[in-house]
Structure formats: C-alpha cells, structure tokens
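Read the structure below first, then the notes.
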Amino acid sequence: MADRVTVIGWDGSPLTRAATAALSAATLVAGAAHHLALPEVPERAERIRLGSVDLAARRIAGHRGSPVVLADGDPGFFGVVRTLRAPEHGLEVEVVPAVSSVATAFARAGMPWDDAQVVVAHPRTLRRAVNVCRAHHKVAVLTSPGAGPAELALLLEGVHRTFVICEELGTAREQVTVLTSDKAADHAWRDPNVVIVIGGGPETSATGAWIAGRQPAYPRGARGWALPAEAYRDGAPDSGEESGEGESPGLRAAQLARLGPRTGDLLWDIGSGSGALAVEAARFGAAVLAVDSDRAACDRTAAAARAFGVPLQIVQGRAPHILERLPEPDVVRIGGGGVPVVTAVADRRPERIVTHASTRDEAEALGAALAGNGYTVECSLLQSVELDTTAWTERERSVVFLLSARRSDLAP
C-alpha cells in the first residue's frame, strides 16, 4: 500500500529535474487531462483523471507502487496538498512546487501583490468573494465554472472596478485582458482563469510594510475602535449639528459587537450620519453600503472613508424604498426609520440586525416587528455618562435602548 505520494506543481514551464525524476518512476499518475497528456508521463503508468481529490487520495492510498499527482501552479496554495494530507488517508506528501497562478497573474500585470487579498470563488462562495472585492482595493479571484469574471461583474453592479483577466496561464492559449468591470459580463471567458480586481481606493501597502494582505486602517496614528465622533469629522463638511444618541461611541461599540462584521460580509448602514459606524465596520474588513437620505450626511460619510482609507459604497435615498435595489446584506444597522424600515430589512433576511430606540414604547414596537418576522430579539438599556476629568463633573449623559436581532433559523 502507498504511504507516500509526490505532488508536482506545473505552471507551463519545463518540468524541473526533480519533477521529471519522480514522474519517470511513477506507477500511477493523477491529474487533469492536460497533465496526463504531458510527454513525461510514463506510458506504463496507471492514469487517473483528477475530479474529486478525496476519491483520488483513496485510490492512491490503496495503490502498490509510486504514485504522483500533477496540479496547476503551487499545489500547496489552495491546492490538492491539504486534502492529500488529511489524516484518514495516511499519506506522506512530498511536494515539488511551481509558481502559483496568482503570482503568475500579478507578474503578467506587472504589479506587486503583497497587499492583495486572495479568494476562491465557487457558486456557493461567489457572493462572499464579491464582498471582498467591494471591501479591498486589490483582490485576486481564483474562479470556477459558474463563478467567473462575468458573474463577478454582474454582482458588482454599481461598483466600479478594473478587471485583469488572465485566461489559461502557462499554456499556448494564455491571454491577459484588461477592462472595466461593467464590460466583463459582455464576454465569454475560458477556464481556468484568474481575475485581478483593482479599485476602491489607494494601495495600502507602502515601503516598509511588514504584513501581507489587508493593511490595518490607522490614519494619522489613530488607534482603537469606537473612536469619538470628532475623529470622523476631520476634513468632513461641517453640518453644524451635534451628534445624536445614535452616533455615540458607546452605542456604536455595542452595535458593532452584536453585528460582528467580518471579511466576506456585506453590511448595510441605514442612516449613516457621520459615517462612523460604516467606517469602523470597513476597518474590520467587511464590505459596507452606507445609505442616507441627506446629501450632507453622504458627503460626511465619504470624507470619513477617505480619511481612514477604506472603500465604501454610498447610496443617497430614503429607506425603505431605496433598499429594494440593494444587494443582499449579511448584517444591518438601522439608524432610524421606525417599524417600516425594520420590516423592510427583515424581509431581506440578513443574519443579524441592530437598531436603537429612545423610549420603551418605541423599543417594544421595533422588537415586535423583528420578532414577527422570524427574529430572536434582545434588548438592553444602555446608559453612559461622560465625565470632565479636570473637575470630575458630569459632561454628557446618554440613555438608549439597544435592540439586536438574530434570525431564528440560525444556530446560536
């Protein structure tokens, strides 16, 4: 029985000496059709067309001889190595790597990629991959049939991005196409392909960067969360209005804690106001769609997003009517609008909803609307008192009912 398998990465270039030696001794070779057609594959070797890696691993584990698996790019990067190493197969894996398709795609584009996010798009994960493209300025998408450039473009409707589409990298049919996202759905694209999605703000990695992927959004040395309201007014148009109870840092912190926005989520912030909650959710890595009927509030939100270097999509319009044409949310914060807005949001079935009320009667009405639409509702009375530490006297007091709702069909 085989207890060792050699996995060879192939990027279209001639195989290395180590890869050729492993193939020449192979008694079983698993791979895609174009791998099995390589001249280095021995004629005497048993051949397995690689579909399910798990099934192939079982065949390999029961094989008497020297098995080899061929895979595109670096097989340890979103590749077959993880499945082959699963304990139930009992296989020891030796890897002969190649250049990953993501590295090759960025090389073709002539771009650095230490600041890029990398996502895999299948039909079941496509929406989350699109949300990463909304939230980050540079994303490499490893596509699949039914979740390719056209589908990405259709779900990004209303969000401008540039696509670098790399088809059949490493083959004689390789092609690189650069176009805007609104044009991608008009073409038929060949598999496999990698899509580099660019836009949504400036590059966040600079000289001296120390970590790959999404960089922390701390402009001008800002540190922490639930920053005071003035942190988001810096450089924004001054409306002359004081922040209301819905803008208080304490309430904002509690709302974010209950929503838990994360990478791959789309958060609606209805009644974005200063943009404070929208920006902080974006700093967590979520895609954010900020809605407000007031043009000045939209301008303040846009200015706050620029100051913190996070991409937001901002829609001016009045809820609940404007919500009908928005993409599906994962979590929603409602800053106002009462029962009609709460009901319209609940109809879209996000995982979690938070809102607030000034009075108990209002809180009961909002809670009943959420519960009646299939949500488990919790309510807390939050009171915060800000003190002047020079005299230790009360400066400002805030009292508000916080309602948080979770879809009842979801596990706790």
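A few notes on this one:
- Hits in segment 380-412 - residues which are more than 27 Å from Ala365 (Cα to Cα), among the β-branched types (Val, Ile, Thr) and open to solvent by less than 80 Å² (accessible area, probe 1.4 Å): Thr393
- Qualifying residues in segment 70-107 (those that are in a helix (DSSP H, G or I) and under 17 Å from Asp191 (Cβ atoms)) - the one most open to solvent (accessible area, probe 1.4 Å): Ser101
- Filter result (in contact (Cβ under 8 Å) with a residue 12 or more places away in the chain, in a helix (DSSP H, G or I) and over 19 Å from Val96 (Cα atoms)) within segment 35-60: Asp54, Arg58, Arg59
- Tally, over segment 8-18, of residues that are modelled with pLDDT under 95 and within 16 Å of Gly76 (Cβ to Cβ): 4
- Filter result for the condition that a residue is over 21 Å from Pro311 (Cα atoms), of a type in the set (A, V, I, L, M) and either surrounded by 22 or more Cβ atoms within 10 Å (Cβ to Cβ) or at pLDDT below 95 (or both), over Ala135, Ala172, Ala150: Ala172
- Matching residues in segment 100-132 - criterion: being over 22 Å from Glu168 (Cβ atoms), within 16 Å of the chain's Cα centre (by Cα) and not polar (S, T, N, Q): Asp115, Arg124, Arg127, Arg128, Val130, Val132
- Whichever residue in segment 73-100 is small (Gly, Ala, Ser) and out of contact with any Phe, Trp or Tyr (no Cβ under 7 Å at 6 or more places or on another chain) and, among such residues, is nearest to Ser144 (Cα to Cα): Gly79
- Pairs are defined by a Cβ separation below 9 Å, a sequence spacing of at least 6 or placement on different chains, a first member in segment 366-392 that is within 18 Å of Leu259 (Cα to Cα), and a second member that is among the acidic types (Asp, Glu) and assigned to a strand (DSSP E or B); the pairs so defined are Gly367/Glu378.
- Within the set Val377, Val345, Val354, the sole residue that is buried (at least 20 other Cβ atoms within 10 Å of the Cβ) and part of a strand (DSSP E or B) turns out to be Val354.
- Close pairs from segment 67-82: first touching a residue at least 12 places away in the same chain (Cβ under 8 Å) and under 14 Å from Val120 (Cα atoms), partner open to solvent by less than 10 Å² (accessible area, probe 1.4 Å) and part of a loop (DSSP other than H, G, I, E, B), Cβ under 8 Å, at least 6 apart: Gly79/Gly73
The values are calculated or read from the model by the stated rules, or taken from the named source; none is laboratory data. This is a predicted model, so every value here is computed, not measured. No Cβ is skipped: glycine too gets one built from the backbone with ideal geometry, and neighbour counts run over all protein chains shown. Surface accessibility is based on the protein's heavy atoms, side chains included, excluding ligands, DNA and RNA. Shrake-Rupley method; radii C 1.70, N 1.55, O 1.52, S 1.80 Å.
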